[in-house]
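These notes are about the structure you will find just below.
The values are calculated or read from the model by the stated rules, or taken from the named source; none is laboratory data. Everything quoted here is computed from the prediction, not taken from an experiment. All Cβ positions, even for glycine, are placed from backbone atoms using ideal geometry, and neighbour counts span all protein chains on display. Surface accessibility is based on the protein's heavy atoms, side chains included, excluding ligands, DNA and RNA. Shrake-Rupley method; radii C 1.70, N 1.55, O 1.52, S 1.80 Å.
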Amino acid sequence: MLLDRRTFAAGSVALLSGCATTGTGTRTLADCTPLAPVDAEPARLIRSVAGLRPYRRSGFVVRAEALGDKRLVHNYGHGGGGITLSWGSAKLATELGLPGHQGPVAVIGSGVMGLSTARLVQDAGFPVTIYTAALPPDTTSNIAGGQIHPYSVFEDDAVTPEFNAQFLRALDYSWRRFQIMVGDEYGIRWLPTYVERHSREAQLLGSFPPVNRLLRPAEHPFPFDSVLRYDTMYVETGRYLRQMVRDVRIAGGRIEVRKFATPADIAALPESLVFNCTGLGSRELFGDQELQPARGQLAILEPQPEVNYAFTGSPGYMFPRPDGILLGGTFELDEWDPTPDPAMIQRIIASHRRFFSRFRCAA
Ligand SMILES: Cc1cc2nc3c(=O)[nH]c(=O)nc-3n(C[C@H](O)[C@H](O)[C@H](O)COP(=O)(O)OP(=O)(O)OC[C@H]3O[C@@H](n4cnc5c(N)ncnc54)[C@H](O)[C@@H]3O)c2cc1C
C-alpha cells in the first residue's frame, strides 16, 4: 500500500554513487545541505520497547449497534495510525453515539482512543466513566512513536468507499485538533520529515501533509537518489497520554480499573451508552477475527536535542523526541509477544548506524 512505515530492511542503504561521506563536524558542500546525524552507538541505548498494533486489513471499525437495551459504539482497530486518527475517529464515534442520548456514558479502554473519546463526550456535557484493564503508561498507545501520519492503517484493496470517507474525515479532524495542542504541555511539535522515496507521496488532504515535495540532492545530506520532505507533528506519547488522563479527571471523569471478559459483562453496566475503545482487545472481547497484532519494536537512544528532523526509509525510521531518539521500523504481523527481541533491537541500531555514517555532509 502507498502509506507504509514498514519498509525496514536492516542493512540495505542505497548509496548515491560518488558521494562523500562524513562523521562529525560541520561540513557544507555545495551540493549538500547539512543536518545533525544521530549518534547510533549501541552504548547509547537507554531502553527498548515493543507493542502490538491493532491492525485490520479493511481498516478501523467505527460502528453503532445494540447490546441488549444499550447502544454500543465501536471505535477500534487503527493499526499503525491510532495516534494520528485518535481525535477524528473519536469524533466519528461520538457523532454516532451521542445524538438523542441522556445520562452518563461508559468508555471501555484508556489508550489514546478511549481517552480522546472520553474527552469529546465530556466536551458535549455528559458525565463519563472509563472502565479499563490498564492505564497509561501500560497501553499500546504509550509505545507509539507519535508521528502524525496514517501509516499502515489498512490495505488499499480491502477497503470500501464508505470506509475511505470515514478515514479522510477522521484524518481531517485529527489534523486540525492536534495543531491547537502544539507545545510543551502536551508534548507536541512540528518537525520536517524526510522520506526515502522513489515516487511522490499522495497529498491526503488539501492541507496535509504541507510542503510534501521531492528534494534535489543539494537540499539534503542523505545517501539516496530520491528524498521527499513533508512537515508534520510528533507527539511525545508518554507525556501526551498522562495529560489526557489528567484532562479527563479535571473534567470530572471517573476511571475504574476493570477487565471485561464478555459482552454480557458490558451489558450489565449501569450506563446506557458504551464506547468500545479496547484496541486489539476487541478480538477476544467481541470475536473480531480480522484484528491482527502487528508487532513494532523500538530502540530508544539517549536524547540528542540538536537532531531536529525525522526520517523514514529502508534503514527504518528515526523520530527525535525529548525523551529519546526513537529508532524503529518493524511491522511483524501475527506476532503476539509484546516483548522486544534483543537481536532485532541490535539490527535496528546497526542499520541506523550505517545510515547516519553515510551522510554526505553533517552539521
Ligand atoms: C512501535 C509502534 C509505533 C507506533 N507508531 C505510531 C505512530 O508513529 N503514529 C501513530 O499514529 N500510531 C502509531 N502506532 C499505532 C498506535 O500505537 C495504535 O494505533 C494506538 O495506540 C491504538 O490505540 P487504542 O487506544 O485503540 O489501543 P490501546 O492503546 O491498546 O488501548 C486499549 C485500551 O483498552 C483496554 N482494554 C483492552 N481489552 C480490554 C478489556 N477486555 N476490558 C477492559 N479494557 C480493555 C486496554 O487496557 C487499554 O487501556 C504505533 C504502534 C506501535 C506498536
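Brief remarks follow.
- The range 23-166 - percent relative contact order, Cα under 8 Å, separation 6 or more: 26 percent
- In this label model, residue 246 and residue 43 are separated by 3.6 nm, measuring between points 7 Å along each Cα→Cβ vector.
- Percent carbon-and-sulfur accessible area, the chain, ignoring ligands, DNA and RNA, probe 1.4 Å: 52 percent
- When shorter helices are ignored and each DSSP H run of at least 4 residues is given -39500 (n - 2.57), the per-residue value for the chain at 222 nm works out to -7500 deg cm²/dmol.
- Proximal charge balance of residue 164 [Cβ under 15 Å; K/R count +1, D/E count -1]: -2
- Rounded to the nearest 20, the Cβ-based charge dipole of the chain about its Cα centre (Lys and Arg +1, Asp and Glu -1) stands at 580 debye.
- Crossing angle, helix 112-123 versus the chain [Cα axis fit, 0-90 degrees, rounded to tens]: 50 degrees
- Mean accessible surface per residue for the range 169-221, computed with a 1.4 Å probe while every protein chain stays in place, in Å²: 50 Å²
- Per-residue ³J(HN,Hα) for the range 215-228, Karplus 6.51 cos²θ - 1.76 cosθ + 1.60, θ = phi - 60°, Hz, x for Gly and Pro: 9, 7, x, 5, 9, 7, x, 6, x, 10, 5, 10, 10, 9
- FRET efficiency, residue 207 to residue 30 (Cβ-Cβ, R0 35 Å, nearest 0.05): 0.55
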